[in-house]
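Have a look at the structure below before the remarks.
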């Protein structure tokens, strides 16, 4: 589970065994990870896994009880490098009574951008995100989704090298989420390093080069997306039926063939049992009389990996607790 | 520096642009003049002459003289009602009903031995009007004294002369010699200065608290502290809001100066004759007093806004702040409570001590300075104590502030806050 070697080995963010305890529980425990320059890095985990705490420690908003946080190769902290970092916190807010454009200019100024430059960039991005007509309105007049877009713009006005986004897609409609994804991909192409947290695996799967899954404050898995899928191993098959697939039920429930089945509705993702041959499965399905619409060998989805890994972690934890 | 300036600019402009600012700038002086001048005006005028009856229970000439004397001023219209013998209680009952019906304000009961015993009773609706009672008592005293002296055979002309009105004038002596300022004007000025300082310090430092709560409540604080040091943020906020205060003062000051300069034109415009206008007393506000007011306002405001910033950082909502700000507000209110004592004896021991305590000195010292001569050494000492305390409190407050702004949930105790200050 070592980080994959990257063409440019420069580490933009480097966490070394950081631990954060709150009264009564450990939020993050001995977490190490490093983010190379230029990648889109997904920090994944279930609710309460410690994603936000980890990000807050990256930003130096919280000080880890143990361990070291290095940004751009030193440990001076997020505020020291704030001009190079754009940050969208999970708990986001704007000055409600201020005009949209004014808020953006002010927030850019706190990053050291001159007013005139900030104004020009704000106008550009407001245009790009369909908010140009709202630039002179007060923030409180905007819908929640619009406010979120304004917040996203505010993280980019100083053209940061590193963008840290905590749950950027939460609460966005599909159209706005798509716009956001496009911009993230575009920025990444331009060389910006992007770290974002989410529990939406499908989004992460589409845009991440690199993922790190954490659960209960510990790292479960860390690596390049392709590598992670390869390491996870196993044979995975996607099947879909034209009818309800009732005739295939016996076959799918045969634990000698299928270890696990996730029914996503339109199709099901099957993890085959050790040593089972997909060819046998196909034959059995055809013989059962089920009408197949899709039968495809696939890589395990991030979703599947997430469930396997986090589920195992939780079970293990349960076992530990019951033993104790 | 650029970043602090951005914060200052935002705090300043966002406030100056609000309706609240415009309204308070226009109505502020109206309100303050109202609150200081109105009670005096109301107490001195308060409607037309008072109708008073003098119930004569057999005092002879005394009651008649009292009626005449009451009639000489324009405050009372007096009528004599004789109530001799058995009818007395009937008369009193009917008079009481007349008072209740509001056709009469009250009545004096003059017994047969009123002059000897000096006992006269007044029953009326307006007994709580201190000014009316003082006037009545004055007239009564005068008539009784004349009566007593005349009975002892003193020449009425001498008695008359002894009764001549005394015109008591006060004027204030400062280091620059006697001024034209009267005692009343001095008192008024000192009271006004104290009140304005109290209002300004309170309103603007509460504004700082509101701003802190707003940033916490909207959660923008997390973005801000990722690029600004908490101290930069707090400092910028205090300067920005204080700037609004100074700006508002300047508007008021300039308006007052212009009005004073062109007072003749103003008076004639509102139909006041130049003679009457000349009679309006203007307290002399020296340059030293203005400088002192500004210095004490600045330090007092910074000190209190640091305290209020801590309150803001320790709560989650405005309504929680209502309760949490009590201890700080009490300090300011304590200064107000001391007003009468300090005005009564501006050089007294209590006034001196209050003038040295940094929580009170921003309000107490300018009052003392306006009301009397304060030794330069005392002013310097008081300012030095205030400046040092302000520095210490700002330092302590900023340490509590930077922990508090990221804390949500249960309100911390004072002990917890001090722990934050120690650890951060």
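The values are calculated or read from the model by the stated rules, or taken from the named source; none is laboratory data. Everything numeric in this text was worked out from a predicted model, so none of it was measured. Positions of Cβ are generated from backbone atoms using ideal geometry, with glycine treated the same way; all protein chains shown enter the neighbour counts.
The table below gives the values:
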| item | result |
| --- | --- |
| Any hit, the range A:56-68, residues being without any contact (Cβ under 8 Å) to a residue 24 or more places away in the chain, in contact with a strand residue (DSSP E or B) (Cβ under 8 Å, 6 or more places away or on another chain) and within 27 Å of residue B:236 (Cα to Cα) | yes |
| Residue identified as touching a helix residue (DSSP H, G or I) at 6+ places or on another chain (Cβ under 8 Å) and at pLDDT below 85 among B:204, B:191, B:198 | B:191 |
| Some residue of the range A:19-28 being farther than 19 Å from residue A:162 by Cβ, part of a strand (DSSP E or B) and within 14 Å of another protein chain (Cβ to nearest Cβ) | yes |
| Number of the condition not met by residue B:73 [criteria: (1) buried (at least 16 other Cβ atoms within 10 Å of the Cβ); (2) more than 17 Å from residue B:122 (Cα to Cα)] | (1) |
| Hey, residue B:386 under 19 Å from residue B:303 (Cα atoms), touching a residue at least 12 places away in the same chain (Cβ under 8 Å), in contact with a helix residue (DSSP H, G or I) (Cβ under 7 Å, 6 or more places away or on another chain) and not in a helix (DSSP H, G or I) or not | no |
| Filter pass, residue A:126 being at pLDDT below 90 and touching a helix residue (DSSP H, G or I) at 6+ places or on another chain (Cβ under 6 Å) | no |
| Selected residue [touching a residue at least 12 places away in the same chain (Cβ under 8 Å), surrounded by fewer than 17 Cβ atoms within 10 Å (Cβ to Cβ) and within 13 Å of another protein chain (Cβ to nearest Cβ)] from B:231, B:247 | B:231 |
| Those helices (runs of 4 or more DSSP H) lying entirely in the range B:80-155 with at least 3 residues surrounded by fewer than 18 Cβ atoms within 10 Å (Cβ to Cβ) | B:88-100, B:130-151 |
| Qualifying residues in the range A:89-117 (those that are touching a strand residue (DSSP E or B) at 6+ places or on another chain (Cβ under 9 Å) and more than 8 Å from chain B (Cβ to nearest Cβ)) - the one nearest to residue A:168 (Cα to Cα) | A:90 |
| Evaluation of residue A:145 against (1) more than 21 Å from residue A:195 (Cβ to Cβ); (2) more than 14 Å from chain B (Cβ to nearest Cβ); (3) in a loop (DSSP other than H, G, I, E, B) (one fails), failing number | (3) |
| Which listed residue, of B:380, B:385, B:342, is closer than 30 Å to residue B:414 by Cβ and surrounded by fewer than 19 Cβ atoms within 10 Å (Cβ to Cβ) | B:385 |
| Matching residues in the range B:10-56 - criterion: being assigned to a loop (DSSP other than H, G, I, E, B) and modelled with pLDDT of 85 or more | B:17, B:18 |
| Scan of the range B:78-91 for residues that are more than 11 Å from residue B:56 (Cβ to Cβ) and at pLDDT 85 or above, ordered by number | B:78 |
| Identity of the residue in the range B:356-374, within 16 Å of residue B:301 (Cα to Cα) and in a loop (DSSP other than H, G, I, E, B), that ends up nearest to the chain's Cα centre (by Cα) | B:360 |
| Residue within the range A:274-290 that is within 30 Å of residue A:45 (Cα to Cα), modelled with pLDDT under 85 and not in a loop (DSSP other than H, G, I, E, B) present | no |
| Pick from the range A:231-262, criterion out of contact with any helix residue (DSSP H, G or I) (no Cβ under 9 Å at 6 or more places or on another chain) and assigned to a strand (DSSP E or B), ranking: surrounded by the fewest Cβ atoms within 10 Å (Cβ to Cβ) | A:259 |
| Residue within the range A:68-81 that is within 11 Å of chain B (Cβ to nearest Cβ) and closer than 16 Å to residue A:27 by Cβ present | no |
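Residues checked against (1) surrounded by fewer than 17 Cβ atoms within 10 Å (Cβ to Cβ); (2) more than 17 Å from residue A:12 (Cβ to Cβ); (3) over 14 Å from the mean Cα position of the chain (by Cα); (4) modelled with pLDDT of 90 or more:
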| residue | (1), (2), (3), (4) |
| --- | --- |
| A:30 | yes, yes, yes, yes |
| A:37 | no, no, yes, yes |
| A:42 | no, no, no, yes |
| A:53 | no, yes, yes, yes |
| A:59 | no, no, yes, no |
| A:62 | no, yes, yes, no |
| A:69 | no, no, yes, yes |
| A:73 | yes, no, yes, no |
| A:76 | yes, no, yes, no |
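This table checks each residue for (1) without any contact (Cβ under 8 Å) to a residue 60 or more places away in the chain; (2) within 14 Å of another protein chain (Cβ to nearest Cβ).
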position: B:364; (1), (2): no, no
position: B:373; (1), (2): no, no
position: B:380; (1), (2): yes, no
position: B:398; (1), (2): no, no
position: B:423; (1), (2): yes, yes
